[in-house]
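Values in this text are rule-based calculations from the coordinates and carry no lab data. All values reported here derive from a predicted model rather than from experimental measurement. Glycine also receives a Cβ, built like all others from the backbone with ideal geometry; neighbour counts cover every protein chain displayed.
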Amino acid sequence: MAPSRGLRPLLRTRIPALKPHARRYSEFVAAATDPSQKARVFVSQSQDPYLNLSIEHYLLQRTPGDSTILFLYTNSPCVVIGRNQNPWIEVNLGVLRNEELGVKLVRRRSGGGTVFHDEGNMNYSVICPPSEFNRDKHAEMVVRALKSLGTEKARVNERHDIVVDKEDKEGALKPFKVSGSAYKLTRLRSLHHGTCLLSSPNLESISKYLRAPAKPLIKARGVDSVSSPIANVGIDNFKFQEAVAFEFRSLYGTLSEASVWNRSIFFVDEKAKEVPEIAYGLEELMSEDWIYCQTPQFKFSTKNITETDSVQSIPSSWPPALRGIEFTAKHGKFTEVSVDYNDRTASSEQIELPLLNKLELHKITDWEQLLPPFLFTDSDRNVAVSPGRTMNQLFGMGNYEPSAYVRE
Amino acid sequence: MASIVRSLRPVASRFAASSSRTARSWPISQFQARTFSASSAAQAKKYTKDHEWIELSEDKKTGYIGISEYAAHALGDVVYVELPTIPMEVAAGDSIGAVESVKSASDINSPISGTIVAVNDLLEERPGTINKGPEDESSAGGWVAKVEVSDAGIKDLDGLMDAAAYKEFTEEE
């Protein structure tokens, strides 16, 4: 900022708002890009998951190529899907949208499966040169931190997750996942980030957010999640943060005094949004194009549902006559749509669903308008059916009670 | 791809020792044979330090791009390949897609400048194809994209390695 200082008197009257902004975020930019720093810790004071992932992406792209960075952050409640996953398979969007907790849907840039974050979950992220990277190195670092805080049984498993042996409901000792890992590897830098469940108050409800009603009716390309029993470690966030930063220092830190090292920890906050590249990354990450249209191609079909199907998600309000809705979506857009209520339908209404072609699935906010309710005659009984309502429930649209989206 | 290979090598070798699915030993002979027996109409393959390859057509106007045998082996089982939307103008080193394996999203970068004019759709449907024949540019192969070479692209080729130099490079890594 030195060159512009001389201009300050000139600028002061004209655009007074610009300077303080530039000053505030420039300290973060200077810290992130300082070539003399070979190891540095950043801690976010924001709980915005989109911002935290955007700060992390900035650190991946802009920190010196030979440096190693630790970034620690917690997020407000959100479900985070992997780069190549399908939100309609991984997430109960209807519950997310209509529940008070206001859980956000996030798609991260790294690979892997879906995880839930909240204030009781701390995320660690290590960015290092590709030559230094291996998948377990920094999970092992976190294990050492957990052990130093008394969690002796923590270990890294074959899936690169951190597990802790605990007694299950029957009293048997079993591994419970406390931390999951994902990676983003670029030409110049490697990123490993992981969650760590410390004291989440939401463990019981996590499966409710992750159980998607449409899952049994979708065949998709892309990456599946592997569900594991989870547990809290039961450690305070700040203590965990300190212990991980300490282990990071043992691995990469200079010989400087602990007090000097601690003072070098950089606290980054909402003002990071003013860094143009972070603002750009944030916009991209929050866009529906990224969240929904990055979804690998998939096909939804109700055609193969039979009376004897044990598929649990099939609602009872889905009589045989409705078992003919099919579509394929590529980049989140419909490519082939067909609705065949078959000859048993009492309705004469023709639904021009092929018109959906090229539209985006997530933009269909009310399927009831497209597929109106009608009376269907089954064994001389008239049954009112609403395929639109069912589709809303399967794809998380409409504004019903959260329980309307839960299929047991 | 550089990051993947350098970083995953220890992991890859561990996999090779323990998992029957990925237990293929590093196919050196196959790798050499394939490199030098490429159809006579095509130019010899060139490699980047990031472990991508490019093979130009005889008229040097187009070329196939893919990731090297070495990279594919180090990646482990590929579960998804993200391909670019065509046409796409690229400079050497630009990301033209990504592969996912073992929870990792890894960029694929263009070895040279030009315009990506075709992609290997087979990889979207069967991502494992990239493990089976990463340097195979046939219709059933694991090539990633086809590029229309620009003038700058011709110059970019000078900075790439031939098969022998690349082999030496991977042995040093």
To the nearest whole number, what is the average tally of beta carbon atoms from other chains within 10 Å of the beta carbons of peptide B:105-115? 3
Below 13 angstrom from the Cβ of A:Lys358, what's the summed charge of the other residues (Lys, Arg +1; Asp, Glu -1)? +1
Where does the charge balance sit around A:Arg159 when Lys and Arg score +1, Asp and Glu -1, over other residues with C-beta under 9 Å from its C-beta? 0
In whole Å and largest first, what semi-axes does the C-alpha gyration tensor of the range B:89-137 yield when each eigenvalue is scaled by 5 and square-rooted? 20, 14, 9
Compute the orientation-averaged projected area for the range A:169-302 from the convex hull of its Cα atoms and round it to one decimal in nm². 13.5 nm²
If I model a spin label as a point 7 Å beyond the Cα along the Cα-Cβ vector, how far apart are those points for B:Glu125 and B:Ile154 in nm? 3.7 nm
For peptide A:220-226, what's the mean number of Cβ atoms from other chains within 10 Å of each residue's Cβ? 3
How large is the Kirkwood hydrodynamic radius of the range A:172-236, in angstrom, based on all distinct alpha carbon pairs? 14.8 Å
Return an integer: the convex hull volume of the alpha-carbon atoms of the range A:2-291, in Å³ per residue. 159 Å³
Once the other residues with Cβ under 15 Å from the Cβ of B:Ala118 are scored (Lys, Arg +1; Asp, Glu -1), what is the net sum? -4
Set A:Lys153/A:Lys215; A:Lys169/A:Lys363; B:Lys103/B:Lys167 screened for pairs whose C-alpha atoms are more than 32 Å apart: A:Lys153/A:Lys215; A:Lys169/A:Lys363
Distance histogram in 10 Å bins (all Cα pairs of the range B:70-173, percent per bin): 15, 43, 38, 5
